[in-house]
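J.: The structure that follows is given in the form of structure tokens.
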There are 2 protein chains.
Amino acid sequence: MTSSRMNGADLLCETLLANDVDMCFANPGTSEMHFVAALDRQPRMRCVLGLFEGVVTGAADGYARMADKPAATLLHLGPGLANGLANLHNAKRARTPMVNVVGEHATYHLDYDAPLHSDIESLARPMSQWVERAASADAVGERTEEAIRAAYAKGGQIATLILHADAAWNETTKGVPQPIAREAQKQPDAALIREAADALRAGKTTTILVSGMALRERELALLDRVASKTGARLMAQQANGRMQRGAGRVQVDRVPYVIDQAVAKFADTEQVILISAKAPVGFFAYPNKPSSMLPEDCRVIDMVELDTDIAAAVAALADEIGVAGVEPQLAPRFTPEAATGKLTPEGIAVALAHHVPADAIVCDESVSSGRDFFRITYGSEPHDFLQLTGGAIGVGLPLATGASIACPDRKVVALQADGSGMYTLQALWTQARERCDVVTIIFNNRRYNILLGELKHVGAGAPGENASRMLNIDDPALDWVALAKGMGVEAARTDTAEGFADLLQTACSRPGPFLIEALI
Amino acid sequence: MTSSRMNGADLLCETLLANDVDMCFANPGTSEMHFVAALDRQPRMRCVLGLFEGVVTGAADGYARMADKPAATLLHLGPGLANGLANLHNAKRARTPMVNVVGEHATYHLDYDAPLHSDIESLARPMSQWVERAASADAVGERTEEAIRAAYAKGGQIATLILHADAAWNETTKGVPQPIAREAQKQPDAALIREAADALRAGKTTTILVSGMALRERELALLDRVASKTGARLMAQQANGRMQRGAGRVQVDRVPYVIDQAVAKFADTEQVILISAKAPVGFFAYPNKPSSMLPEDCRVIDMVELDTDIAAAVAALADEIGVAGVEPQLAPRFTPEAATGKLTPEGIAVALAHHVPADAIVCDESVSSGRDFFRITYGSEPHDFLQLTGGAIGVGLPLATGASIACPDRKVVALQADGSGMYTLQALWTQARERCDVVTIIFNNRRYNILLGELKHVGAGAPGENASRMLNIDDPALDWVALAKGMGVEAARTDTAEGFADLLQTACSRPGPFLIEALI
């Protein structure tokens, strides 16, 4: 392609490709048609359609968590971006790199307050660390490079580029773009590493709290050896973008979701060393309960800055402590006794421990019903575990879709609560279209179970008419087998442990999307 | 209820009810549990659950368009609001009054950057004319009153109240609220009315362009008589919140969507008088096409301010012109010849002209496929016609749901394109749950048809692999009968005109939700 034939949209596409961003999750509209035409001229870019923007951004999140590089998204003006914001929120909390391209009216058309006009920056900023406009064809290349640089910065960020229609359709004088030099990750701060090591050696009750890149297999093994050597406790954040676990890997607990349990867990903690994690706080505030999960006088050492090379920091800490000769404690392969009778969340977890194949990717948005999974599957075949990181429900099905597209040779298992699954059920269609190798398990309890628990906590007693109408979703009962069929995904339903194990085994042994509606 | 027992959440609920806001569309979360408990203590408030926030806000829009008063919504923090923003955008463009209650963390919890924390104001402002926080229990009443006042102001506004959890759960010292005095609508500006009348009498080619409350039966009849008397043309905005039309009412054309057609339509227009309408502009900008649909030297007279009593303004204009003795031209009942053979969009429109019962509410998000409806149904039984006002697709099914809840004794017919229907298909579940009397017609063409047309316009030629993958939704084909069944709504599919007419007649003659998948 010669530069004389490029318009701004072509330049955007070529700049993304020059920097190895070759996946675009999209739901375009009229204002993005020139970018669609540019993508059509450039088959190296893979375009995946989502039938709702929450699917688009959630899939881009799942893709990046597994590919360790950003995908692009294509969204239609303010409302299209708005539909994708909840999953951008989750992606931002997971420190996922992402480059959003949001179409915008032609620059001169803004004065006319056309029906779809809105303040895109105001919408984008809460869920993006970087927001800029490309207002001319020539500016598109540089802006796109800045967006890619921003996406990779500080351990992963959401970059949102607002692309004016005339910047897309006008010809550019710029040539074919070259790959940009990205800022290298910071080397670990020796003083901070020493401070953490000194603290670990001080004989105090210490927790090493980790998230992000510290949850990969190699780093967890090193940190386990550090913990063994120093008597510290190794623990993961409550919700994490990606965690490597299962047989042959370090068994690591997570901070409990329930505030009272978490406070009890940290009651005797004198020091917390954070590695790519945040100091643990309550997901919500409750009357007469603390916001922080840590004791008031607990010392907190934040060992790494956001843009630090985490693997190097973990290695430096292990060096400083001296872990030679300390073996990591790795989980043995363990399969619990098979469950029988009426299907329960625990029965589902037991079947998963048996049948989830090695190297699977488990995406968890099972909310209240899936808490057994983590406890029961320490000794499952090794797998990556992806969570709802920002609490904005509706990420599960899109996340699984994107993870599968990043890793087509690995089985993806989605643990999906029914209430949150309904938020972005359109992802099933993309799974069917892209032949994603995803087994979706719907935990169908026909209620917002977590909220019924919370209602009890606020002392409201048994739910009356209005509360029941807002927290039970049993009238009518959702038929997930029909919903899946409606989007081209094969599905089956079961309410027994044996039936579930059979279905799971079958689904795991054949390729392509399959949904199991688990009545619990 | 005595004041000593009220908390902030009770006060909010009582303030809404004191001001006749007695409908709450909701999807609550943990931070809203005290408000849920308050709603549970107050059965006068009707709570309707949506399984996604786009359903919640779209239904509140449909409700208010038909009830001529605001509903409340209940949304969960920034991401819950974000999910509802696209339909708030549409509601804002329709000048729909609405009071959103967005739960927020307890005031003191904000410092902790808990996972669900985000900048709610930044998210809310683009789609709300009024945004405030209630940060203490005592402030809740006054803030809620301001929100209701704002919702009714300027012809209808979106008011978003951010409710801190501790403002909800703390006790208030305030007593039971009294109804507020709302600002009266402004009387029409006599000088503006005279200016419009003078212009109408000046012998120039004039269009009276109307929207909003000027599209009610009585006002249209008056305006038709004004137009007859003065030789002006009466025309409606392209997209309108609600329009009364059909047999026995004035037949009024709308501004065309396609820019070239609209420019041609206004080519000889010397003057435009706007009544609750906006000067017509292109939905999008296109290379070498104008943004405004009006000739450059066209005079524009904006006859009413936003907060004017539109009925009074229309009456004043008719008085000023003097329409005594001028009869309005009302459409006769007309039923076109029944269609036969393969089902087409036109065949659907013909069947609707036959079978939509008197006093029905027709909600239109049929996008490219439904353009025949308006043309063919001038002489249908009289009905209200509700449109996609802001171009943010995904309003159709929620809009129909809310309209039906506002008017349970009227049949609602939803004209729904397949692509946009997938955005908020969860509304079907609410229809089943609330036994809404809605017939949904899915125009299933298995593509984003409007975008395929736009792609052609940008000169991209026949779509290649990437464009096809983003604009066709035929692989796999969506099975809307299964999707409806999955949410408890009876459904059937047809691809013939005769089959469609039969299904429509049956669906219109029985109560409750029904979905017809029309293969076109």
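J.: Search segment B:380-409 for residues that are surrounded by fewer than 24 Cβ atoms within 10 Å (Cβ to Cβ) and pair each with any residue that is among the basic types (K, R) and assigned to a helix (DSSP H, G or I) when their beta-carbon atoms are under 6 Å apart and the residues are at least 6 apart or on different chains.
T.: none
J.: Same structure again: Being in contact with a strand residue (DSSP E or B) (Cβ under 6 Å, 6 or more places away or on another chain) and more than 7 Å from chain B (Cβ to nearest Cβ) is the filter here, so list the residues in segment A:30-44 that pass it.
T.: A:E32
J.: Step by step: first the residues of segment A:18-48, then only those that are among the small types (G, A, S) and under 23 Å from B:F284 (Cα atoms), then the one that is modelled with the highest pLDDT. Which residue is that?
T.: A:A26
J.: What number goes with the only condition from (1) surrounded by 23 or more Cβ atoms within 10 Å (Cβ to Cβ); (2) at the interface with chain A (Cβ under 9 Å from one of its Cβ atoms); (3) of a type outside the set (D, E, K, R); (4) over 24 Å from A:P79 (Cβ atoms) that B:V413 does not pass?
T.: Checking B:V413 against (1) surrounded by 23 or more Cβ atoms within 10 Å (Cβ to Cβ); (2) at the interface with chain A (Cβ under 9 Å from one of its Cβ atoms); (3) of a type outside the set (D, E, K, R); (4) over 24 Å from A:P79 (Cβ atoms), the one that fails is (2).
J.: Here's a follow-up. Among the candidates B:R446, B:R435, B:R469, single out the residue that is modelled with pLDDT under 95, at positive phi and of a type in the set (D, E, K, R).
T.: Criteria check complete, one pass: B:R446.
J.: In addition: Within 10 Å of another protein chain (Cβ to nearest Cβ), within 30 Å of A:G8 (Cβ to Cβ) and in contact with a Phe, Trp or Tyr (Cβ under 6 Å, 6 or more places away or on another chain): is that true of B:L451 in this structure?
T.: When the stated conditions are applied, B:L451 does not pass them.
J.: Check A:A239, A:A262 and return the single one that is of a type in the set (A, V, I, L, M), under 30 Å from A:G453 (Cα atoms), within 14 Å of chain B (Cβ to nearest Cβ) and not in a helix (DSSP H, G or I).
T.: Every option except A:A239 fails the conditions.
J.: Also, I was wondering about something else. Would you check which residues across segment B:89-122 are in contact with a Leu (Cβ under 6 Å, 6 or more places away or on another chain) and facing chain A (nearest Cβ under 9 Å) and list them?
T.: B:L116
J.: Looking only at segment A:57-83, which residues are more than 10 Å from chain B (Cβ to nearest Cβ) and of a type in the set (A, V, I, L, M, F, W, C)?
T.: Matches in segment A:57-83: A:A59, A:A60, A:A64, A:M66, A:A67, A:A71, A:A72, A:L75.
J.: Check off (1) within 12 Å of chain A (Cβ to nearest Cβ); (2) within 23 Å of B:G391 (Cα to Cα) for B:A167 and give me the number that stays unchecked.
T.: (2)
J.: Same structure, new question: If we scan segment B:319-328, do we find a residue that is on the phi > 0 side of the Ramachandran plot and in a loop (DSSP other than H, G, I, E, B)?
T.: Yes, segment B:319-328 has at least one match.
J.: With respect to the numbered conditions (1) part of a helix (DSSP H, G or I); (2) at pLDDT below 95, which one is the sole condition not fulfilled by A:T335?
T.: Evaluating A:T335 over (1) part of a helix (DSSP H, G or I); (2) at pLDDT below 95 leaves (1) as the failure.
J.: In segment A:45-56, which residue that is in contact with a Ser or Thr (Cβ under 6 Å, 6 or more places away or on another chain) and part of a helix (DSSP H, G or I) is nearest to the other protein chains (Cβ to nearest Cβ)?
T.: Step by step, filter segment A:45-56, then rank; the result is A:G54.
J.: Report those helices (runs of 4 or more DSSP H) wholly inside segment B:422-520 carrying at least 1 residues which are aromatic (F, W, Y).
T.: Ranges flagged: B:427-433, B:480-486, B:497-508.
J.: Next question. For segment A:131-138, indicate whether the set of residues that are of a type in the set (G, A, S), part of a helix (DSSP H, G or I) and under 24 Å from A:R433 (Cβ atoms) is non-empty.
T.: No, every residue in segment A:131-138 fails to be of a type in the set (G, A, S), part of a helix (DSSP H, G or I) and under 24 Å from A:R433 (Cβ atoms).
J.: Which condition number in (1) farther than 16 Å from B:G54 by Cβ; (2) of a type in the set (G, A, S); (3) assigned to a helix (DSSP H, G or I); (4) within 11 Å of chain A (Cβ to nearest Cβ) is the one that B:A86 fails?
T.: (1)
J.: For segment A:172-219, which positions are closer than 21 Å to A:V255 by Cα, assigned to a loop (DSSP other than H, G, I, E, B) and over 25 Å from the mean Cα position of the chain (by Cα)?
T.: Matches in segment A:172-219: A:K204, A:T205.
J.: If you don't mind, there's one more thing I want to ask. Tell me yes or no: at least one residue of segment A:351-368 is within 14 Å of chain B (Cβ to nearest Cβ), at positive phi and small (G, A, S).
T.: no
The values are calculated or read from the model by the stated rules, or taken from the named source; none is laboratory data. Note that this is a predicted model, so its numbers are computed, not measured. Don't worry about glycine lacking a Cβ; one is built from the backbone with ideal geometry, like all the others, and counts go over all protein chains shown.
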